[in-house]
Amino acid sequence: MELRKWPERRVPVAGVDLLVRDVPDAAPDLPPALFVHGLGGSSLNWTALGLLLNDTIRGIAPDLPGFGRTPLTGVTGISEQADVLIQLLEREYDQPVHVFGNSMGGASSVALAAQRPDLVASLTLVSPALPHPRVSASALWFAALATPRIGPAVLERTQRLPFDQRFQASLAMVFGDPRSLAPEVRAAYEEELHRRDTDPWSRQATVEAARSILRSSLARPRRSLWADAARVECPVLLIYGGKDRLVDARIRTKAQRTFPNAHLLYLPQSGHVAQMEHPDQVARAFRHLIA
């Protein structure tokens with residue numbers, strides 16, 4: 001698939017000029033959609049899926065504050081992202097939208113749907129960062145990043161490694177099988193990682209986002225994201241990868257039980273970003289969800 005460039009623009013929301021990309025070649029009368037990336041990601045994480053669905057939805061994908069090409073202003077966490085998304089939707093659309101969220105963006109999308117059900121027609125959650133009872137290597141990694149002094153030091157030390165070494169490690173962490181990636185997807189991912197090295201706000205945004213995820217995992221049951229999930233009544237498509245090293249796919253059983261109107265797509269060979277690794281299957285499942 002040719003990853004055609006999405007038109008981009010700046011949208012003033014919550015005191016920051018968000019970089020927002022529009023799904024290209026989508027008819028203006030199609031239902032609206034919102035694509036929300038995860039920690040360390042950007043709007044470009046949705047390019048392949050958005051192009052596959054441009055006959056079904058017209059959508060936008062923002063770079064959230066502190067990520068992509070949107071500068072960091074204030075704290076960036078799950079609740080703050082949800083507030084930004086609410087303001088963005090109120091500005092852009094006058095009808096409920098189909099919301100897609102990956103990882104931390106999935107957590108923010110759940111908070112959005114729980115707070116403002118009137119804004120959300122459906123939720124498609126790819127490896128959402130919902131609290132997990134099992135202590136994993138990734139949970140320990142986020143705990144380290146969230147720790148004062150340790151987190152910034154870890155990121156600074158990582159930054160000193162040769163780019164190719166960091167790139168290969170990132171591929172291994174995020175994708176189920178990096179060798180199976182389409183060349184254009186791999187090239188776009190590498191280019192984005194190069195660009196991220198130049199962002200002056202990158203480290204701070206990563207540390208603050210990690211702290212938010214850690215706080216979310218420690219929240220009391222009545223105030224947790226699982227409580228939010230139980231209040232989401234719109235159709236929900238849950239997508240988990242069997243080779244995800246960041247979100248344990250075994251949580252899919254609890255997720256499917258918790259969301260009142262949940263549908264599950266389990267991809268045994270996928271990693272953390274199924275929308276990039278297996279966009280055709282994700283697109284097909286979404287069309288089935290809204291049919």
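The values are calculated or read from the model by the stated rules, or taken from the named source; none is laboratory data. Computed from a predicted structure; not experimentally measured. Cβ placement follows ideal geometry from the backbone for every residue including glycine, while neighbour counts extend to all protein chains displayed. Accessible surface is based on the protein model in full, side chains and every heavy atom, while ligands, DNA and RNA are left aside. Shrake-Rupley method; radii C 1.70, N 1.55, O 1.52, S 1.80 Å.
Quick check on my filter: what residues within segment 1-55 are more than 19 Å from GLN281 (Cα to Cα), of a type in the set (Ser, Thr, Tyr) and crowded, with 24+ Cβ neighbours inside 10 Å? Correct list: SER43 only. Answer yes or no: is there a residue in segment 225-234 that is in contact (Cβ under 8 Å) with a residue 24 or more places away in the chain and either under 21 Å from ALA182 (Cβ atoms) or polar (S, T, N, Q) (or both). No, every residue in segment 225-234 fails to be in contact (Cβ under 8 Å) with a residue 24 or more places away in the chain and either under 21 Å from ALA182 (Cβ atoms) or polar (S, T, N, Q) (or both). Here the condition is being of a type in the set (A, V, I, L, M, F, W, C), out of contact with any Gly (no Cβ under 6 Å at 6 or more places or on another chain) and in contact (Cβ under 8 Å) with a residue 60 or more places away in the chain; of ALA48, ALA33, it holds for ALA48 alone. Filter segment 174-198 down to residues that are of a type outside the set (Phe, Trp, Tyr), in contact (Cβ under 8 Å) with a residue 12 or more places away in the chain and not in a helix (DSSP H, G or I) and give me whichever is farthest from ASN102 (Cα to Cα). Per the criteria, the residue is ASP197. Of PRO183, PRO221, all but one fail to be loosely packed, with under 14 Cβ neighbours inside 10 Å and modelled with pLDDT of 85 or more; the exception is PRO183. Just one of the listed residues (LEU237, LEU246) is touching a strand residue (DSSP E or B) at 6+ places or on another chain (Cβ under 7 Å) and either under 19 Å from GLU277 (Cα atoms) or among the aromatic types (Phe, Trp, Tyr) (or both), namely LEU237. VAL207 passes every criterion in (1) at pLDDT below 90; (2) of a type outside the set (Gly, Ala, Ser); (3) in contact with a Phe, Trp or Tyr (Cβ under 9 Å, 6 or more places away or on another chain); (4) open to solvent by less than 20 Å² (accessible area, probe 1.4 Å) apart from (3). In segment 222-254, what residues are part of a helix (DSSP H, G or I) and in contact with a helix residue (DSSP H, G or I) (Cβ under 7 Å, 6 or more places away or on another chain)? Across segment 222-254, the qualifying residues are LEU225, TRP226, ALA227, ASP228, ALA229, ALA230.
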